[in-house]
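What follows is a single structure, written as structure tokens, with notes after it.
Derivation of every value follows stated rules applied to the coordinates shown; laboratory data play no part. Quick caveat, the model's predicted, so the values are computed rather than measured. Neighbour counts are summed over all protein chains in view; Cβ atoms, including those assigned to glycine, are modelled from backbone coordinates with ideal geometry.
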Amino acid sequence: MTGAKWRWGFLDLVVIVFALIPVLWIASLSFKTPATITDGDFIPREWTLENYRNIFNTDQFVRALVNSIGIGLISTLVAVVLGTMAAYAIARLDFPGKKLLIGISLLIAMFPQVSLVSPLFEIERSIGLFDTWPGLILPYITFGLPLAIYTLSAFFRQIPWDLEKAAKMDGATQGEAFRRVIAPLAAPGVFTTAILVFIFCWNDFLFAISLTSTERSRTVPAALSFFQGASQFEDPTGAISAAAVIITIPIILFVLFFQRRIVSGLTSGAVKG
Amino acid sequence: MADIVLDKVTKAFPDGTLAVQEFNLEIADGEFVILVGPSGCGKSTTLNMIAGLEDISSGELRIDGQRVNDKAPRDRDIAMVFQSYALYPNMTVRENMAFPLKLAKLSREEIDRKVDEAAKVLELTALLDRKPANLSGGQRQRVAMGRAIVRSPKAFLMDEPLSNLDAKLRVQMRTVVSRLQKRLGTTTVYVTHDQTEAMTLGDRVVIMRAGAIQQVGEPQELYDHPNNLFVAGFIGSPSMNFLPATVSDGSLHTSLGDFPLGERLRSRLADVSGDLIVGIRPEHFEDASLIEDSIRQRGAEFEATADLVESMGSDKYVYFTVEGEKASAAELEELAADAGSGDLPSSGSNLVCRFSAESRVKEGDTARIWVNLDKIHLFDPSNGRNVTLHEGRSSGVSA
């Protein structure tokens, strides 16, 4: 028994180390001075915050951060609102074309995104969406929606249908039943979905690099690749590392804060059990 | 408060199955009506149609004289208690009970007053600030009742409200429900699959089978004068004993022996011939040694060996095995399947008798048993009809 425990413990450790070493390495690089950046030490010999100061002083990074947050939040909001309604319908109603809708959303979720880059580039250029916020928000919603529909319909299925019937008997309209009874119970699911969709938008590099050309709408992952040193001969590794650390922080915070909400038993006590 | 009339109400599902067919029932103002039957008999569907949670395929439903077929549940002004209780888990007990009043846009003071009043009736006052997750099963059940009574609706609908409680609590809550209904005088339709609940609670009981009403009547009437085999077998615990029988030369031939046909039976059997099923309730048997001579002649006697004796204190249940064929009819198979005893192996039929406590019968004894022939029922196995009933009693049969 204890042998098995040790083996599992060791395996867990290997996985954690494997996943975390690169993150720590980036963090370490971001604190190194330009002179020591190539020395290969895991712990910096000379600590500096210069890299962070530099990236926040450049318009390039700050502007990209604003784009990332703005585009991510708007896409998430739209995808979650539409996804909630669609998922509710899928979980509760029988309507013609329901299977087709589920099939199509699965198809979109599985579709190789890279094959859409060239057509989207051409389309967006010809209708003037290229290098604008909507130009990125639209594809993000497209790919965020299936994700939202799938996670949310699983959540809605868990909510006992009797609650909705009870609300109707108590005098609620369909809308009131949804707003006052179902929606509060689905809140943890909506949160989880929102976080997943936001992380998807936040991390995207493919669309961000392909559908933007200036600082106007370039998000952080794309902007990173345009970082340059102070001169042609200076290596921007430190700045890139610092920016990478900065954009990882919100994701870590999200997961830490909402972990409990994500795995929540809010519906317990609704029915006998 | 209002009367509820179901006029040929039918529910057909899109795949063609008829869940409820031509359901006719008039429920008087303030009446407590029970819909009872085995699972899948359409009782819950009927209740949901009254509630408005299911569409009515054809027929008419009138509440308080008004046709409500096309009205939404919220416009029918009726309250429902669900089997699962369906309490809102994100709200406290107080908020749960106030919910229908809030939707009705009552003032804050009035809501508080009504909730407090209902809470007092159901002894929930101390629990008002708890969430449903922190309540016991019985408490949750009371909150569900509270949510129904708080807005004084025209009628209550209850869908097996006690079936999730343990046996002892269920008996307790049965009296709570009964008293509450008497006190409020609100028309109530109550669905259950438990015949004991049906017998003890209702003013009238509606027995359903496969979407059709079998018999409607007061509990005692259903017990004493069942229309058909199904009703006879469903009502009563332990249930009625059934044995195959034939009639010839003025006597009834059964595997228990030949019984003389009295005046009562002879007149009913004038136009009946061939195979019959005889039905005898356990209490219509008695230990022959305890029978006084004055009533001995009303019955007949036979001998059998007791397999098992259960002494209940007040009386004794004695089990016998009777060799020979079993009574067979579609209704009996259905009842056995519902009770889960359809595939029990047994040779011959089992007979359950209720003797008075003074009986000295022991397991393995050969006992002399007296059967009260005034009380036996004879059924036609082809259609299940009770051929011993008066003509006047056979109203309400649909089959």
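Annotations
- The mean number of Cβ atoms from other chains found within 10 Å of a Cβ in peptide B:135-142 is 1, as a whole number.
- Net charge, B:Asn228 excluded, C-beta distance under 10 Å - Lys, Arg +1, Asp, Glu -1: 0
- Gaussian network model of chain A, Cα within-10 Å springs - most flexible of A:Trp47, A:Trp202, A:Trp133: A:Trp47
- Average beta carbon contacts from partner chains per residue of A:156-168, 10 Å cutoff: 5
- Gain on full stretching of the segment that runs from A:Leu20 to A:Leu49 - 0.36 nm per residue minus C-alpha separation: 8.3 nm
- Counting, for every residue in B:89-96, the Cβ atoms of other protein chains within 10 Å of its Cβ and taking the mean gives 4.
- In the elastic network of chain A, a GNM with C-alpha springs shorter than 10 Å, the most mobile of A:Asn54, A:Asn203, A:Asn67 is A:Asn54.
- Qualifying aspartates and glutamates (Cα of each under 17 Å from Cα of B:Lys168; at least 8 residues distant if same chain): B:Glu160, B:Asp194, B:Glu197
- Taking B:Thr188, B:Thr125, B:Thr45 as the candidate residues, the one with maximal mean-square fluctuation in a Gaussian network model of chain B, Cα springs under 10 Å, is B:Thr125.
- Near B:Ile291: Cβ cut-off under 11 Å, other residues only, Lys/Arg at +1 and Asp/Glu at -1. The net charge is -2.
- Computed over chain A, relative contact order equals 30 percent, with contacts defined as Cα pairs under 8 Å that lie 6+ residues apart.
- Ranked A:Glu164, A:Glu46, criterion: other C-beta atoms within 10 Å, fewest first: A:Glu46, A:Glu164
- Residues A:Ile102 and B:Glu60, FRET efficiency given R0 of 41 Å [Cβ-Cβ distance, rounded to 0.05]: 0.60
- Proximal aspartates and glutamates to A:Lys32, defined as alpha-carbon separation beneath 13 angstrom and excluding residues fewer than eight positions away on the same chain: A:Asp41, A:Glu46, A:Glu50, A:Asp235
- Rounded FRET efficiency, nearest 0.05, which uses the C-beta distance separating A:Trp6 from B:Asn134 and R0 of 41 Å: 0.50
- The HN-Hα couplings worked out from phi for segment B:7-19 by the Karplus form 6.51 cos²θ - 1.76 cosθ + 1.60 (θ = phi - 60°) are 10, 6, 6, 10, 10, 10, 7, x, 7, x, 6, 9, 7 Hz, whole numbers, x standing for Gly and Pro.
- Residues B:Ala72 and A:Ala109, FRET efficiency given R0 of 35 Å [Cβ-Cβ distance, rounded to 0.05]: 0.40
- The helix-only estimate of mean residue ellipticity at 222 nm for the protein assembly as shown, built from DSSP H runs of length n ≥ 4 each weighted as -39500 (n - 2.57), is -14000 deg cm²/dmol after division by the residue total.
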